1. Quickly estimate the mean residue ellipticity at 222 nm for the chain, helices only: each DSSP H run with n ≥ 4 gives -39500 (n - 2.57), and the total goes over all residues, rounded to 500.
2. With just the Cα atoms defining each centre, how far is the stretch 1-53 from the stretch 69-108? Give it in Å.
3. How much of LYS59 can a 1.4 Å solvent probe reach, expressed as accessible area in Å² and rounded to 10?
4. Of LYS21/LYS61; LYS188/LYS225; LYS99/LYS136; LYS21/LYS59; LYS21/LYS188, which ones are farther than 25 Å apart at the Cα?
5. Using Cα-Cα distances under 8 Å and only pairs 6 or more residues apart, what relative contact order does the stretch 122-226 have, in percent?
6. Can you tell me the relative contact order of the chain? Whole percent, Cα pairs under 8 Å, sequence separation 6 or more.
7. Roughly how tilted is helix 145-159, in degrees to the nearest 10 and between 0 and 90, from the longest Cα axis of the chain?
8. So what is the accessible area of the chain per residue, in Å², with the probe set to 1.4 Å?
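The values are calculated or read from the model by the stated rules, or taken from the named source; none is laboratory data. What you see is a predicted model; the values in this text were computed from it and never measured. Glycine gets a Cβ as well: all are built from the backbone with ideal geometry, and neighbour counts include every protein chain shown. Keep in mind that these areas ignore ligands, DNA and RNA; they rest on the heavy atoms of the full protein, side chains included. Shrake-Rupley method; radii C 1.70, N 1.55, O 1.52, S 1.80 Å.
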Amino acid sequence: MKNRIDLEASWLVLLEDEFDKPYMQTLKNFLFTEKELGKNILPRASLWFNALNSTPLDKVKVVILGQDPYPTVGHAHGLCFSVLPEVQPLPKSLLNINKELQDDLGINNFNTGYLQPWAEQGVLLLNAVLTVEAGKTNAHQGKGWEQFTDRVIQVISEHCDNVVFVLWGAYAQKKGAAIDGTRHLIIKSPHPSPLSAYRGFFGSRPFSRANEYLMAHGKNEINWKV
């Protein structure tokens, strides 16, 4: 895997050693075997690290943690919660994110679920697991990606200051448990999925709270309109 990695320079300098570790070799072998068996792995390999390549470490202002890519062909492109521009209707969690954004800041993003503009402003849209088998949610959990993305979170917590971590749901909150809350803002709420959004996600105002914190610490706010 290492020889084929195209990782943005600010991340590579701190993450390169990960690709030599046993867990990553195990992950590489698993993915290779899945491909040999004809499994359709999403997103395509060039987008596995799209979140890191779209948001260099020194540009990170906000981190939103997801779980794993959408298993529907044509949806995932390496950013959590985001779908490719042509996808309609939008996934239900993303619809609820847009509803909260409209209630919070009056921004209407219902025309698209393509969040690449967020990433390019400093919003790291990081899934815990960076690949999935088409049609099989969570198919690649426990194969090694979680250890890699734990390291990504650790790097941000240790090397950056005044980052907003948005942790939606119990999974993200457990994954972000080691974030240094004295150096960063941690926003927690239930997940935006239809099963839990009404338990406190709606009304949590993560977008305005993030911008208020960034501005208070001398950083430009995020334009959440896409």
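1. Details: 8 runs with 78 residues, N = 226.
Mean residue ellipticity, 222 nm, calculated: -10000 deg cm²/dmol.
2. 25 Å
3. 120 Å²
4. Values: LYS21/LYS61 29 Å; LYS188/LYS225 22 Å; LYS99/LYS136 27 Å; LYS21/LYS59 27 Å; LYS21/LYS188 32 Å.
Beyond 25 Å between Cα atoms: LYS21/LYS61; LYS99/LYS136; LYS21/LYS59; LYS21/LYS188.
5. Working: 98 pairs, mean separation 20.4, N = 105.
After rounding, I find 19 percent.
6. Details: 382 pairs, mean separation 52.4, N = 226.
About 23 percent, as a whole number.
7. Tilt of helix 145-159: around 50 degrees.
8. Values: 10390 Å² over 226 residues.
With the other protein chains kept in place, the chain gives 46 Å² per residue.
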